[in-house]
Amino acid sequence: MAAVEHSYIVGAYEHPLRKAPDRSLAQLHGEVALGALADAGLSKSDIDGYFCAGDVPGTGPFSMVDYLNLKVRHVDSTNIGGASYILHVNHAAQAIAAGKCNVALVTLAGRPRSEGVPKGGLKRADSPAQPDYAWETPFGMTILNTYAMCAKRHMHEYGTTSEQLAWIKVAASHHAQHNPNAMLRTPVTVEEVMNSQLVADPLHKLDCCIVSDGGGAVIVTRPEIARNLKRPLVKIRGAAESVKHTAGGDIDLTYSAGRFSGAAAFAEAGVRPSDIRYASLYDSFTVTVLVQLEDLGFCERGKGGAFVADGKLISGQGPLAVNTDGGGLCNNHPAHRGGMTKIIEAVRQLRGEAHPAVQVRDLNLAVAHGTGGMLGTRHGSATLVLERM
Amino acid sequence: MSALQEALDHQPENQKFWTELAEGRFLLKYCTACQRAHWYPRAICPHCASAQTEWRPASGRGRIYSFSISRTASPPYVIAYVTLDEGPTMMTRIVHSPFDALAIGKPVELVIEKGEDGIPLPLFRLA
Ligand SMILES: [Zn+2]
């Protein structure tokens, strides 16, 4: 039995705000922490492990542990971009199995909408001290144009079309209309996506995620504690992570590290992709979803276009419902990081607490998967296979 | 100091690449243990982990692996990955080439031009 099978997600909370100009970053982290604790029926003093990534103010966990006045015996601030929180759930389960903590809090928060986003797209390279900086940034690399190069190559190799990518946005918008907190609640058509401004070939404006303030938190604990709480039990059945990079110049833009984290998480869970009827998949751009569907084995390599076409990702319309909260494309993308909201909607689905219009019936297995960093250069992937007990 | 100059100052082992590029010569890093070229240049071979690497002149020829036109920038520009004839694929920018003539697989050749901060960069144009 895998060590991670012994842990459960017992609290999950998504901040209702999408614009928070009058709240500090630390306050947002604090509000989501309290929300997740209330959801779990636990109190602050129960927390003895804290997990955070690069979106917290300050160095690693210091300032937030101080701000919340926590007493912790285990911390982890591994940062693999937006996929960090999915990785943190994996690491929390491992720490709990090893006896290093009992109740782990994971938080994400950000206020990029209030703070403003640079025009022309975010430049992702973090520091001139990075060995890769001089070989990428001077050419005008942005998050948007590297994801666009991935989409372009996928189209070249497999015949994927802009229309197929557009269906991913259409599905997200159909889900978001039922989410009262979603930032974009109006359903869009394939034509509207394809007629939106071409921002970086072949990606259009509506192929891109939203920018929102807010955040979310989850709480992971051991079964003895979980069974005494009132919430439905969501078990961490399989979990894995991986990193993909430029490999000394052996570039292949058509797949992600999800190929490795997905296979490992499914193997640990002892289930197959065809057993899954709901998946939360990171959707920084439409193409991100397409690549991850292939990498996780929900469809054959190169067949992602056909898999998403004609609204098949909309709950009830195909074998796999994806991002029923509206995802980062329409609902929420706090701190430019999608992993936390992926976990939260998967938990809602397994608890039967998604909106009735998008709830997958009799669901007992779900996947939450994220890609953090840049699909076209270096990124991390993290995968969770979750089970309703 | 520009961010690129700061980045170059962090990489004393790659100084030769930039001084040679400024003289019009494009170098690739090869490993003398496994004989493979790699990109970006390193003192330690990323393929076999040998520390026996050396600079060799490169052809400056390759093919477009993928590209995208950043349409909202002014002026719009073309980011690309180019697979060099020597093997590795590198990120670069395609210049002096009509947007509608660009396609994956098309041959390109090196152009050395100064970037925003005056440092010469290895760019490409359609051959
Ligand atoms: Zn070597």
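The values are calculated or read from the model by the stated rules, or taken from the named source; none is laboratory data. Model, not experiment: these values are computed from the prediction. Neighbour counts are summed over all protein chains in view; Cβ atoms, including those assigned to glycine, are modelled from backbone coordinates with ideal geometry. The protein model used for the area step is the full one, side chains on, heavy atoms only, and it has no ligands, DNA or RNA in it. Shrake-Rupley method; radii C 1.70, N 1.55, O 1.52, S 1.80 Å.
Within the set B:73, B:80, B:103, the sole residue that is outside any loop (DSSP other than H, G, I, E, B) and of a type in the set (Gly, Ala, Ser) turns out to be B:80. Here is the figure for the stretch A:36-55: residues that are part of a loop (DSSP other than H, G, I, E, B), open to solvent by 10 Å² or more (accessible area, probe 1.4 Å) and closer than 23 Å to residue A:94 by Cβ total 4. Filtering A:384, A:350, A:363, A:375 for residues that are at pLDDT 95 or above and open to solvent by 10 Å² or more (accessible area, probe 1.4 Å) leaves a single hit, A:363. Within the stretch A:201-221, the presence of at least one residue that is more than 20 Å from the chain's Cα centre (by Cα) and within 26 Å of residue A:10 (Cβ to Cβ) is confirmed. Number of residues in the stretch A:139-178 that are in a helix (DSSP H, G or I) and closer than 30 Å to residue A:359 by Cβ equals 14. If you filter the stretch B:99-116 down to residues that are within 18 Å of residue A:149 (Cα to Cα) and free of Cβ contacts under 8 Å to residues at least 40 places away in the same chain, you find that the one that is surrounded by the most Cβ atoms within 10 Å (Cβ to Cβ) is B:102. Of the candidates A:320, A:329, A:313, the single residue that is away from every other protein chain (no Cβ under 14 Å), crowded, with 24+ Cβ neighbours inside 10 Å, in contact (Cβ under 8 Å) with a residue 40 or more places away in the chain and more than 14 Å from the chain's Cα centre (by Cα) is A:313.
Taken over the stretch B:49-77, the residue count meeting the criterion of being open to solvent by less than 50 Å² (accessible area, probe 1.4 Å), away from the ligand (no atom under 16 Å from the Cβ) and among the small types (Gly, Ala, Ser) is 7.
If you take the residues in the stretch B:85-98 that are on the phi < 0 side of the Ramachandran plot and within 8 Å of chain A (Cβ to nearest Cβ), which one is most open to solvent (accessible area, probe 1.4 Å)? Among those residues, the one meeting the criterion is B:93.
Look at the stretch A:155-177 and say how many of its residues are open to solvent by 60 Å² or more (accessible area, probe 1.4 Å) and farther than 20 Å from residue A:307 by Cα. The total comes to 1. Based on this model, can you work out whether residue A:296 counts as over 24 Å from residue A:216 (Cα atoms) and either open to solvent by less than 10 Å² (accessible area, probe 1.4 Å) or without any contact (Cβ under 8 Å) to a residue 12 or more places away in the chain (or both)? Answer is yes for this residue. Give the number of residues within the stretch B:22-48 that are at the interface with chain A (Cβ under 9 Å from one of its Cβ atoms), open to solvent by 50 Å² or more (accessible area, probe 1.4 Å) and within 7 Å of the ligand (Cβ to nearest atom). Number satisfying all stated conditions: 2. In this structure, residue B:80 does not satisfy being surrounded by 14 or more Cβ atoms within 10 Å (Cβ to Cβ), under 21 Å from residue A:249 (Cα atoms) and within 16 Å of the ligand (Cβ to nearest atom).
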